[in-house]
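A short worksheet on the structure shown next.
The values are calculated or read from the model by the stated rules, or taken from the named source; none is laboratory data. Owing to the predicted nature of the structure, the values given are computational and were not obtained by experimental measurement. Cβ: placed from backbone, ideal geometry, glycine included. Neighbour counts: every protein chain shown. SASA here: full protein model, heavy atoms, side chains in, ligands and nucleic acids out. Shrake-Rupley method; radii C 1.70, N 1.55, O 1.52, S 1.80 Å.
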Amino acid sequence: MSKITLQDLSHSYLQSQNKDEDWAIRNVNIDWQDGGAYALLGPSGCGKTTLLNIISGLINPTKGKILFNNVDITKKNPVERNIAQIFQFPVIYDTMTVFENLAFPLRNRQIPEDEINNKVNEIAEMLELTSTLNNRASGLTADGKQKISLGRGLARSDVNVIMFDEPLTVIDPHLKWILRSKLKELHQKIKRTMIYVTHDQTEALTFADQVVVMHDGQIVQTGTPVELFEKPKHTFVGHFIGSPGMNILSCQINNGSVAINGTRIETSNSKIGISNFSKIELGIRPEFISFDKKGLPVKILNVSNTGKNKIIETESDGGKIKLIIKAGEKVPEGSAFLTFKKDYTYVYGDDWIVEK
Amino acid sequence: MNKTVNQKAWFFVIPVFVLVAFNAIIPLMTVVNYAFQETFGNNQFMWEGTRWFKQILVSERFHAALGRQVLFTLIILVIQIPLGIFIALNMPKEGIGVPICLVLMSMPLLIPWNVVGAMWNIFALPDIGFLGHSLNAMGFDYNFTQQSGDAWFTTILMDVWHWTSLVVLLSYAGLRSIQPAYYQAAEIDGATRWAVFRHIELPKMKKVLTIAILLRFMDSFMIYTEPFVLTGGGPGNATAFLSIDLVKMALGQFDLGPAAAMSLIYFFIVLTVCWVFYNLMMRNESKS
Amino acid sequence: MSLELKGIEKKIGEETHIYSTDLKFEKNTINVLLGSTLAGKTTLMQIMAGLDKPTKGEIWFNDQNVTGVKVQKRNVSMVYQQFINYPNFTVKQNIASPLKITGIDNQEIDQRVSKVADLLKLTPMLDKKPNELSGGQQQRTALARALVKDSDLILLDEPLANLDFKLREELREELPKLFKDRDCIVVYATTEPSDALLIGGYTATLLEGKVIQHGKTLEVYNKPNNLDSAKVFSDPPMNIANINKKGEICSLLADNVTWKTNLNLRDGNYKVGIRPHNITTYKEGKNSIEISGKVLISELSGSESMIHFTNGDLNWVSLSEGIHQKDVGEETKLFMNSDEFLYFDNNDRLVGNV
């Protein structure tokens, strides 16, 4: 178990770096506390897997340091770092039984056999694998195999961190829910530092206490799921988190107040003072918009149903706006007016939230 | 019902069928014909029943040739399979080395059998051949045309040189298909190099290895041209493997009946081993 | 135009992959095949395309029996989960490839390619090779290839499965619009219930080689014929509990939770199916019922809270709007919206949903 610190990490897969795009990750600084559940969230190519491989020691960073419990381990190999990693595709040893698979990392470390027995049985119990312990691991279903990969990480009691690289990719949707809450439950039980890498916001937000959102090799925001949802610091975070994502609308500034083609919009941060930006936008999540008798005029374009909700796509002078209402509620025909909840409406200047 | 199944494709099969009929089915039928009859030329045939088969099955000459053949094939497999895997494991995985290695590896496979035999014959000649001359210069009493041990040594060395590449290429393909995550996980689990080989690489190579073994078994069990050109089966009968012995019997002594019976038995052995092997392979397949 | 499967059955050796299936898809519709992996979606699609032959049964297209007709002779397009494009062709050549073999003149090909590329937002990438594109763009190229040739039948086999969450969301939203004005039948296979709902149209639920229900997507979702169909079409998984009905009182067998119902059913034991979003931390609907439980785990997604809890010997899942943090082991009260309950009899058939 340990606290993980990343200091000024940058990595490039190229020999020489001339421009920002040559870097896979740039200037990453992170402080992760011992025993926390963290997630790295971002689209493919954002650098999250590179960062994960740097932490596990499979890649040597071009610049910067990694510290476990304030000890620099940048030059150590994966075995010396004492970490566990669960990959996208279940990695199991086909020739071994489930028991032998779970015991493998322990046997490699010359742990006494009776201790291994206890540990493996304990882990199997936790993961509900006890009945399959003597079966060939190759005969299991994808989620069973992924549990084994996870079990191999849990078996070692001294690991510094357990890392997950999109572990639910190959799992069927209805089993995804089960395995996902199982992970969360395990974390609460054993309190080890866990890092979960994914492009799936639902997985990241439900698993982690702190989520790091990455975009183009940089961290754009770190925060709790609620912070990321309620107050995205960057339009990318607004767009990427939430389904559908935040509406980003073009707007105008008149005498310090924000308006979309003459309709004034109250925002939570417009009073702060808006200096010179080349681009000013308004961000509002679909969850915080409702139909009203007056407000921003829109045309209704499309309605789709998610079972419990309706997603309504509308067209306004500031761009397309999506809003979410309950499945039972009525949708106005043709045109309508929208109002935004002031506390969750933000002004963004050059993609960043406008603050003091 | 207007079913429009197109049967024209069968026409394309006809040339192959004709070819196979001429070079396999018709000769095989002739062989079957000879195996049950005695002939003294002039197209005179006498029915012999299973006499030739009985004669071959108890003949010491056949046992000796079969023994030599089995020994040869076993030695070939024992050397080539592990050596092939070893080379494949040590081949570069990226960069300019990959194409260079692949070309080098496939070169021996591209040389015709008789040329291989002739090359090695000259290469191993004790007086002027590089191999033979060097060995003698180093103080070994080496002469593959006179000493049966040396003849075996040379034949095996030649076959290893010629065919190990096949095992290498197949194993290499198998190794390349392993996802990097497996190696990474093993590294994290603290696995030794041997454990990685035993529990990841070998199981993942299983399929291509069974094919490699099957191919090498068939080829080496039916080997003819290379030892024929190299040693001619000699000295004496020391390297007269089944096929060489068979040709000697059929064309040298003109014992067509026994030779035909022998070739059918030979054919049957190859077929049986392949069938057993194939079934074992398939059974393992369905288990996993 | 219609596609009809009549008594289609598929066996491989002793194993039945598709049990006798009747399905009819109408012109200009999107039809979702919803089921988990190995439910038979791909097999069914390959039979529809003519890539595979059924062991029994017939396929009719436009009132013509096309059972034995090869895929080359049918006007079919297919898009797969993997991004399948010609690696050494540019995007433009890839999209044009299905037209090249039809002998259409080049000018017309160019026109159609640029129109489809525009539709799929591929115009800036037309001269790139597939491996220079992102996953989403590669799949767009594959879709463009399927769209360019005016197929009668377009089969999409989990086309979004290999894409990132956000790209999936984006393309899923575009898909129904792409097919809107086309004269064709679209079949879309997926494992995700949310895909089916958002794509709309018609849905057939599949389980272990059997089509359980086929109808308008929202109807299948709101009125599943039976418990299996409800389970397949529920994400997160539906809560299912045994209940007893006596007069107008229903009660959970495992707990003393009771509620009134005006369902016209004989007294006896039934099962009730409750979707997670109908169990909330706040009251919803006119007839909300209190249920208590011990929290197993709570998951917060920023806008929603998923609380897993035990009641009786069952594990329940609830999904509420907003942030409701509960500690593990905490005793908690939740509310079930009984207006949304689904009642099933002992044969798992739907008997009421009021």
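Applying 1/(1 + (r/R0)^6) with R0 = 30 Å to the Cβ-Cβ distance of C:Asn28 and C:Asn88, what FRET efficiency is obtained, to the nearest 0.05? Please list the in-between numbers first.
Working: r = 36 Å, r/R0 = 1.20.
E between C:Asn28 and C:Asn88, to the nearest 0.05, is 0.25.
At a threshold of 8 angstrom on Cα-Cα distance, excluding pairs fewer than six apart, so keeping six or more, what relative contact order does the range B:84-175 reach in percent? Mind dumping the intermediate values first?
Working: 79 pairs, mean separation 38.2, N = 92.
Computed value for the range B:84-175: 41 percent relative contact order.
Once you have all Cα-Cα distances for the range A:104-147, histogram them in 10 Å bins from zero and send the whole-percent values.
25, 52, 23, 0
Pick out, in residue order, every one of the chymotrypsin sites (Phe, Trp or Tyr not before Pro) in the range B:1-100 that is DSSP loop and has at most 15 other C-beta atoms within 10 Å; say none if there are none. Don't skip to the answer; put the middle values down first.
Values: sites: B:Trp10, B:Phe11, B:Phe12, B:Phe17, B:Phe22, B:Tyr34, B:Phe36, B:Phe40, B:Phe45, B:Trp47, B:Trp52, B:Phe53, B:Phe62, B:Phe72, B:Phe86; in loops: B:Phe36, B:Phe40.
Loop-located and lightly packed - B:Phe40.
What would the Debye equation give as log₁₀ I(q)/I(0) for the range A:243-350 at q = 0.10, 0.19, 0.21, 0.23 Å⁻¹, counting only Cα atoms as equal point scatterers?
Rounded to two decimals, the profile gives -0.28, -0.92, -1.09, -1.27.
Using only the alpha-carbon atoms of the protein assembly as shown as identical scatterers, what base-10 log of I(q)/I(0) does the Debye formula give at q = 0.04, 0.08, 0.09 Å⁻¹?
-0.29, -1.01, -1.20
Over the whole of A:80-87, what's the average partner chain Cβ count within 10 Å per residue? Rounded to a whole number, please.
On the way: counts 1, 1, 2, 1, 3, 6, 3, 7.
For this peptide, the per-residue mean of nearby foreign Cβ atoms is 3.
Divide, for the range C:239-352, the radius of gyration over alpha carbons by 2.2 N^0.38 Å, where N is the residue count. List each step's numbers first, then the result.
Details: Rg = 14.1 Å, N = 114, 2.2 N^0.38 = 13.3 Å.
Its radius of gyration relative to the 2.2 N^0.38 Å reference: 1.06.
Based only on Cα atoms, what Rg/Rh ratio does the range C:143-296 have, Rh being taken as Kirkwood's radius? Kindly include the intermediate steps, with their values, before the conclusion.
Details: Rg = 19.9 Å, Rh = 18.5 Å.
Ratio of gyration radius to Kirkwood radius: 1.08.
Between chains C and A, what is the buried accessible area summed over both chains (1.4 Å probe, protein heavy atoms, nearest 100 Å²)? Kindly include the intermediate steps, with their values, before the conclusion.
Working: alone 17960 and 17280 Å², together 32150 Å².
Accessible area lost upon association: around 3100 Å².
Tally up the carbon and sulfur contribution to the accessible surface of chain C as a whole percent, 1.4 Å probe, everything protein left in place.
Values: 7190 of 16140 Å².
That share works out to 45 percent.
Using a 1.4 Å probe, what is the accessible area per residue for the range C:239-352, in Å²? Can you show the working numbers first?
On the way: 5330 Å² over 114 residues.
Per residue, the range C:239-352 has 47 Å² of solvent-accessible surface.
Using just the alpha carbons, could you tell me how many Å³ per residue the convex hull of chain B encloses? The partial results should precede the final answer.
Working: hull volume 72.8 nm³, N = 288.
Given the Cα convex hull of chain B, per-residue volume reads 253 Å³.
At q = 0.07, 0.15 Å⁻¹, what is the base-10 log of I(q)/I(0) for chain C according to the Debye formula with one equal point scatterer per Cα and no solvent? Please give it to two decimals.
The calculated log intensity ratios at q = 0.07, 0.15 Å⁻¹ are -0.39, -1.21.
Can you give the mean number of other chain Cβ atoms that lie within 10 Å of the Cβ atoms in peptide A:306-317?
Values: counts 6, 14, 8, 3, 0, 2, 0, 1, 0, 0, 0, 0.
Mean shielding by partner chains, rounded to a whole number: 3.
Run the accessible area of chain A with a 1.4 Å probe and give the carbon-and-sulfur part as a rounded percent. Please report the intermediate quantities before stating the final value.
Numbers: 6880 of 14990 Å².
Roughly 46 percent, rounded to a whole number.
Gap in Å between the Cα centre of the range C:128-143 and the Cα centre of the range A:341-355?
After rounding, the separation between the Cα centres reads 34 Å.
So which residues of the range A:108-122 lose at least 30 Å² of accessible area, probe 1.4 Å, when you go from the chain by itself to every protein chain present?
Checking the loss per residue gives A:Asn108.
In percent, how large is the relative contact order of chain C, given Cα pairs closer than 8 Å and 6 or more residues apart?
Numbers: 755 pairs, mean separation 54.6, N = 354.
Answer for chain C is 15 percent.
Probe radius 1.4 Å, ligands and nucleic acids left out: can you give me the accessible area buried at the C-B interface, summed over both chains, in Å² to the nearest hundred? Before the final figure, lay out each step's value.
On the way: alone 17960 and 17320 Å², together 34840 Å².
Using a 1.4 Å probe, the pair buries roughly 400 Å².
How large is Rg/Rh for the range A:113-179, to two decimals, with Cα atoms and a Kirkwood Rh? Intermediate results must be reported in sequence, preceding the final value.
Values: Rg = 12.6 Å, Rh = 12.9 Å.
Ratio value, two decimals: 0.97.
What per residue convex hull volume, in Å³, do the alpha-carbon atoms of chain A yield?
Working: hull volume 56.7 nm³, N = 356.
So the per-residue Cα hull volume is 159 Å³.
Pop out a list of residues from the range C:244-284 that are at least 20 Å² less accessible with all the protein chains around than in their chain alone; 1.4 Å probe, no ligands or nucleic acids counted.
For the range C:244-284, once contacts with the other chains are taken into account, C:His277, C:Glu284 lose 20 Å² or more.
Report which residues of the range A:28-62 become buried by 50 Å² or more of accessible surface when going from the isolated chain to the complete set of protein chains (1.4 Å probe; DNA, RNA and ligands ignored).
At a threshold of 50 Å² (probe 1.4 Å), the residues of the range A:28-62 that become less exposed are A:Leu58.
Sequence gap at least 6, Cα distance under 8 Å: using those rules, report the relative contact order of chain B to the nearest whole percent.
Working: 270 pairs, mean separation 78.0, N = 288.
Normalised by residue count, the contact order of chain B is 27 percent.
Based on the mean of other Cβ atoms within 10 Å per residue, sort peptides C:60-72, A:287-299, C:148-160 so the most packed one is first. All intermediate terms of the calculation are to be shown ahead of the outcome.
Working: C:60-72: 14.5, A:287-299: 16.9, C:148-160: 21.5.
The packing order, highest mean first, is C:148-160, A:287-299, C:60-72.
In Å, what is the Rg of the alpha-carbon atoms in the range C:1-137, and how long is Dmax?
In Å, with Rg to one decimal and Dmax whole: 18.0, 52.
Taking only the Cα atoms of the range B:218-261, how large is their convex hull per residue, in Å³?
Numbers: hull volume 3.0 nm³, N = 44.
Taking only Cα atoms, the range B:218-261 has a hull volume of 69 Å³ per residue.
Considering every residue in A:89-100, what mean count of other chain Cβ atoms within 10 Å of its Cβ is obtained?
Details: counts 3, 2, 10, 3, 11, 7, 7, 2, 0, 0, 0, 1.
Average neighbour count from other chains, rounded to a whole number: 4.
Give the A-B buried accessible area in Å², both sides summed, 1.4 Å probe, nearest 100.
Adding both sides of the contact gives about 1700 Å².
Taking 2.2 N^0.38 Å as the expected size of a compact globular protein, what ratio does the Cα radius of gyration of the range A:1-151 give against it, to two decimals?
Details: Rg = 18.3 Å, N = 151, 2.2 N^0.38 = 14.8 Å.
Against the empirical 2.2 N^0.38 Å value, I get 1.24 for the range A:1-151.
Using protein chains only and a probe of 1.4 angstrom, how many square angstrom of A:His239 are accessible, to the nearest 10?
80
Out of residues 5 or more away from C:Ile104 or on other chains, whose amide H comes under 5 Å of its own, with H placed 1.01 Å from N in the peptide plane?
Amide H neighbours of C:Ile104: none.
Calculate, for the range A:243-350, the solvent-accessible area per residue in square angstrom, rolling a 1.4 angstrom probe over the heavy atoms of the protein chains.
Values: 5310 Å² over 108 residues.
Using a 1.4 Å probe on heavy atoms only, each residue of the range A:243-350 averages 49 Å².
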